[in-house]
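Here is the structure we will look at.
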Amino acid sequence: MNIRSAMEAYGYGRLKSVKYKTERIEFKSQWSEAFCKEVIAFANSDGGYLYIGVDDTGTQVGVADVDETYNLITNVIRDSILPDITMFIKYTLQENHVICLEISEGANKPYYLHRKGLKPSGVYVRQGSSSVPASPEQIRQMIRNADGDAYEDMRSLVQDLTFKQAKETFAQKSVAFQKEQFPRLGMCDLSGLFTNVGLLLSDQCEHSIMVAVYADEAKTLFKDTREFKGSVLKQLESTYSYLMLCNQNQAKITGLDRVDRFDYPAEAIREALLNAIVHRDYAYSGSIIINIIGSQMEFISIGGLVSGLTIADIGTGISQPRNRHLADIFHRLGFVESYGTGVRKIHELYKDFKEPVRIEVTPNTFKMILPNQNKTMGKESDVVSAKEPLVNRELSPQTRQIFDQIIRNGFTTDEEVQKLLGIKKTRAYILVKQMIDAGLLEVRGRGIGKKYLIKAPSLDVK
């Protein structure tokens, strides 16, 4: 199709002025890499024609060297635009050394500038006779249309991802974590672009877990609040450690025996936390909420039951994971034993106690309530000792600073303790050793890889 017939096909007749530039036709007198945005805009919209060698008035000025310009165009488009757009472009040479790029609507939108990334500054659409940056909502809609509605399988809006925490966790579990495995794990698509699964495992994960400890049953007076960010793997470990700090241990007499019992079984906390992380609806930006009051611990995650399931189904062990890739990864790492066992296990842990576990579901939320088992255990006179949860204990300012750093980051090191407290190596060693001897911290690794974590029951499957 030559320039004149192209214009006539859209009802404009002969080329006379800039008014012939339309939503589907663009003129450029000479090629420039900056014109990749025009190619992207056409592919992200309804397609169109880009004529190189025609000025804004519609005058055919031609290009100086057709072969050189053609090679330059094809090379720049191949290297500068993602995903691969070359199959949607047809090149033809017109009269007077004019090169026509016929660009079809792409099948894998949104297309974007490689150096800018999958964000408004790199994604363009046609608006009238101009190519303009797409809005975040337009980008999200293009991804939904191309990838479907499954959050996990959609391409991440953030592509500059790092996986420091994921590498450490996979290494600790002796599970391989190489880039070649990312497609099989669901972390990237076949073109190499990261999916939302990759985003969740990355250090740049945009979701979080918020924990609130209340001084009253009405949840009006805060004793402490925390927000855990980063990779969902880091959130899992840090949140679990903190919840165990809030878990009071009481010793009571039963006959001749002394029985130690935490307010909440460690395994119940573990399973409830895993359930909230693995099954929440990450299409929403809100945080997982965990509320701790004297009588109970509440885990509230966004997203009700998967369509077709009921609370009764969940109780029998039937499971339909909302995030199948994430569930599979947690299974590989040993956090999840098998689908559907977590809720049953929690009910089993509470079967001998007066107050059972409660589950409350709305169309958009899932709440699991763990009763404080020491509240209904027996007479207060039976209590031999009630060890204050660590979050409430009187700790030295330096010890509290170390705990706060571990809660924020998941661990600390000798060097970080020295820097945090502004103390020398010997003093840091003595302080950390005292905390280890008191059963407050545990050591993981050795040498330059040595880390200190809050001592808590293992997250591994037993």
Computed FRET efficiency, Cβ-Cβ of Glu442 and Ser307, R0 45 Å: what is it to the nearest 0.05? 0.60
Could you work out the Rg to Rh ratio of segment 136-193, with Rh taken as the Kirkwood radius (inverse of the mean 1/r over all Cα pairs)? 1.05
Using alpha-carbon coordinates, inclination of helix 266-279 to the longest axis of the chain, degrees: 10 degrees
With bins 10 Å wide starting at 0, give me the P(r) of segment 404-443 over every alpha carbon pair, in whole percents. 31, 60, 9
Quarter of the surface of the C-alpha convex hull for segment 72-122, i.e. direction-averaged projected area in nm², equals 4.0 nm²
Between helix 397-409 and the chain, what is the angle of the helix's C-alpha long axis to the longest principal axis, kept within 0 to 90° and rounded to the nearest 10? 40 degrees
Points 7 angstrom from Cα along the Cβ direction at Thr225 and Asn409: gap in nanometres? 2.5 nm
Arrange the peptides 146-156, 40-50, 214-224 so that the one whose residues have, on average, the most other Cβ atoms within 10 Å appears first. 40-50, 146-156, 214-224
Tell me the per residue accessible area of the chain using a 1.4 Å probe; a whole number in Å² is fine. 49 Å²
Using only Cα atoms, tell me the angle between helix 232-245 and the longest principal axis of the chain; keep it within 0 to 90° and round to the nearest 10. 20 degrees
What span do the alpha-carbon atoms of segment 88-152 cover on each of the three principal axes, reported in whole Å from largest to smallest? 49, 25, 20
Rank by packing, highest mean first: peptides 297-303, 130-136, with packing defined as the count of other Cβ atoms within 10 Å averaged across residues. 297-303, 130-136
Give me the percent of accessible area attributable to carbon and sulfur for the chain, probe 1.4 angstrom. 50 percent
For segment 156-281, what does the equivalent ellipsoid look like in terms of its semi-axes, each the square root of 5 times an eigenvalue of the Cα gyration tensor, given largest first in whole Å? 36, 19, 11
I need the Kirkwood Rh of segment 44-161: take the reciprocal of the average 1/r across all distinct C-alpha pairs and report it in angstrom. 15.7 Å
Toy charge model, Lys and Arg Cβ at +1, Asp and Glu Cβ at -1: the chain dipole around Cα centroid in debye, rounded to 20, equals 1140 debye
His347 to Ser104: FRET efficiency via 1/(1 + (r/R0)^6), r the Cβ-Cβ distance, R0 35 Å, to the nearest 0.05? 0.05
For segment 36-97, go through all pairs of different Cα atoms, get the mean of 1/r, take its inverse, and jot down that Kirkwood value in Å. 12.7 Å
Peptides ranked, highest mean first, by Cβ atoms within 10 Å: ranges 345-354, 120-129, 241-250: 241-250, 120-129, 345-354
Kindly report, to the nearest 10 Å², the accessible surface of Thr362 as traced by a 1.4 Å probe over protein heavy atoms only. 70 Å²
Counting only Cα, what are the radius of gyration and maximum Cα-Cα distance Dmax of the chain, in Å? 29.7, 103
As a test, work out the antiparallel percent of DSSP beta bridges whose residues both lie in the chain, rounded to the nearest 5. 85 percent
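The values are calculated or read from the model by the stated rules, or taken from the named source; none is laboratory data. As the structure is a computational prediction, the values presented were derived from the model and not from experiment. Glycine also receives a Cβ, built like all others from the backbone with ideal geometry; neighbour counts cover every protein chain displayed. Side chains are part of the model used for accessible areas, which takes the heavy atoms of the whole protein and leaves out ligands, DNA and RNA. Shrake-Rupley method; radii C 1.70, N 1.55, O 1.52, S 1.80 Å.
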